[in-house]
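The values are calculated or read from the model by the stated rules, or taken from the named source; none is laboratory data. Values in this document were obtained by computation on a predicted structure and should not be read as measured data. Cβ atoms come from the backbone with ideal geometry, glycine included; neighbour counts cover every protein chain shown.
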Amino acid sequence: MAAKGEDRPKRTNSEVSNDSANEGSIKQQLESMEKSLAFITNQMKSILKREEIETLITNTITSIITEVERRNEEHIKQMKNDLAK
């Protein structure tokens, strides 16, 4: 009975060395990707959610409309006073 792997040719030292280098390179690439994903995930936390944007828009428009109405009422009041003179 043949030993395990006897039917395959032996790898040369350079092939073994290349495989080790490739494994190291892959490991570095994976570590780099992991760091990049962690950075992106952290950056995503600071992005506004849809609901927050909708609330900001609603509040801004409400404030603008309230101010326009207040100014219109003041202007109408002023016009009434001017007509009464």
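What the table shows:
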| item | result |
| --- | --- |
| Residue in region 18-36 that is at pLDDT 90 or above and hydrophobic (A, V, I, L, M, F, W, C) present | yes |
| Subset tally (residues that are β-branched (Val, Ile, Thr), surrounded by 10 or more Cβ atoms within 10 Å (Cβ to Cβ) and within 25 Å of the chain's Cα centre (by Cα)) for region 41-71 | 5 |
